[in-house]
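The values are calculated or read from the model by the stated rules, or taken from the named source; none is laboratory data. Note that the structure is predicted; figures quoted are calculated from it, not measured. A quick note on method: Cβ atoms are made from the backbone with ideal geometry, for glycine too, and the neighbour counts reach across all protein chains shown.
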Amino acid sequence: MRWFFMRVMVCAAFLAPGVCCRATAPSIEPSAGTPSTNSKTTSQPCSPILIYRDGRLILHTDLPPATAQATLAKMKGALRFAEKHWRRRLRGSLDCYVAADASRWPDKAFPHPLARVWIDCIGGATVCEPLPASSGGHRKATVYASTRQGAAPHEIVHAYCSQTFGHAGPDWYNEGVAMVIGYHDHNGHGVQCPLEVLATLRQGSPQTVRQLIQPMSFTSATYDSLALMAESRKNLQGQVPKSCWTSADSENLAVMGKAYDRSWSLCYLLLHDPNYQGQFRRLGSAYLAGHRPSYHQAFGAMHEELAFDYKAFLLHVDMGYRVDLCSWEWGKTFRELERSDSRSRTIRAARGYQATGVMVARDQCYNYEAHGHWCTSATASSTDADGGAEGKGRLEAVVMHDYQLCTPFELGTSGSFTPPTSGHLYVRCRDSWNQLADNTGTLRVAF
Ligand SMILES: [Zn+2]
């Protein structure tokens, strides 16, 4: 079962209120950012469970204080990201249970009987239950998470959505966005996720955007199994034992985990590519308002561009990959060069392919010149368009026709080329796709 302990953050969010336990939660004594000890744990032979309160987040955890504060900071970061993205403040506060060793927590320290199964077997879960009508029909979300990378921030996103909006959207959106925010790197370092996520994307045939954006749930098998566990425990005291988790549950979870990874990939692209950010935000707002726009309504107008961009993302994504720097300039105008005509464009080293505005014809010869210098890292020597060692920094061209790219071909400081196909000409500074951010300099390229 090593997989569960290495795997990050596969959660089962939004369990129905009917499976909620009514056990009493530990008492909380607000203490303005300093931890308070849960008095119910004092007689238990386990690490102390402390309660940290920071604004609207209440963290119950057995982590050492410094690690707990760091976890709380990541959870706050996720909440800030969510509030900014969906443009609404969290309604109320959130109780969060983050356990380093759930087996050592007293049963009554968890307000839900499935807590240990969620934390130890799955990675996390968020429970949302309606409050009494006297409270205005609001909802209360509670977070359970392991200490694995991204697990607690991921659940914060679910809790924020369920408590603030009451809707979450289809699984691909709900889980994909929670993963993106859960792994979000606030230092602008691009893609930062477990290597297992990237491994999933490189296995088998890639799915299309249309296949990914489907209303079917990929969490239902696990959800149903957990609901059965809770139901069978209804009249019993204490936590559902981990022995209730079966090999079939593990198999379901493995399948679900791959769907999570693929959802992450699409949501990551849509959230970071300036071509789609606005539409993705509008789609999300519709989902959280309880609507379910069709694929055509959501992306019909940009279907071909998105299909191209998603394929390119899968081809190039790696740790540190910056979607914003590799975004295609779909709005640029391209025209053929007349005989006495010339066209020039400034090309940045710290970007992917950039539109030249030149529409080229197959088998026709074109002259070009590139002036200036650029660098492919903070420590590399600057080069001209001929590049340096191993071809890094070389001016490289590609032609797009009908959303297909020809094989890239080399340019340099000056010369001529004959494109292998007709279409729109793009150029870039050759470098690893996940190492563009530290590039500096520009070239002025004229055709
Ligand atoms: Zn989730």
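So here's what we get for this one:
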{"item": "Checking Ile181 against (1) at pLDDT 95 or above; (2) in contact with a Pro (Cβ under 8 Å, 6 or more places away or on another chain); (3) within 23 Å of Glu251 (Cα to Cα), the condition it does not meet", "result": "(3)"}
{"item": "Those residues of segment 237-254 which are of a type in the set (Gly, Ala, Ser) and over 16 Å from Ala115 (Cα atoms), in sequence order", "result": "Ser247, Ala248, Ser250, Ala254"}
{"item": "Matching residues, segment 199-222, being part of a helix (DSSP H, G or I) and within 18 Å of Gly123 (Cβ to Cβ)", "result": "Ala199, Thr200, Ser220, Ala221, Thr222"}
{"item": "Residue in segment 64-81 that is surrounded by the most Cβ atoms within 10 Å (Cβ to Cβ), counting only those that are touching a Leu at 6+ places or on another chain (Cβ under 8 Å) and among the hydrophobic types (A, V, I, L, M, F, W, C)", "result": "Met75"}
{"item": "Test result for Ala227, among the hydrophobic types (A, V, I, L, M, F, W, C) and either under 22 Å from Ser432 (Cβ atoms) or modelled with pLDDT of 90 or more (or both)", "result": "no"}
{"item": "Count of segment 84-106 residues which are acidic (Asp, Glu) and surrounded by 15 or more Cβ atoms within 10 Å (Cβ to Cβ)", "result": "1"}
{"item": "Residues of segment 223-255 that turn out to be buried (at least 21 other Cβ atoms within 10 Å of the Cβ), in contact with an Asp or Glu (Cβ under 9 Å, 6 or more places away or on another chain) and either in a helix (DSSP H, G or I) or of a type in the set (S, T, N, Q) (or both), as a count", "result": "2"}
{"item": "In segment 148-162, the residues that are crowded, with 19+ Cβ neighbours inside 10 Å and farther than 25 Å from Ser294 by Cα", "result": "Arg148, Gly150, Ala151, Ala152, Pro153, His154, Glu155, Ile156, Ala159"}
{"item": "Single residue of Tyr144, Tyr183 found to be closer than 20 Å to Cys267 by Cβ, of a type in the set (Ser, Thr, Tyr) and in contact (Cβ under 8 Å) with a residue 24 or more places away in the chain", "result": "Tyr183"}
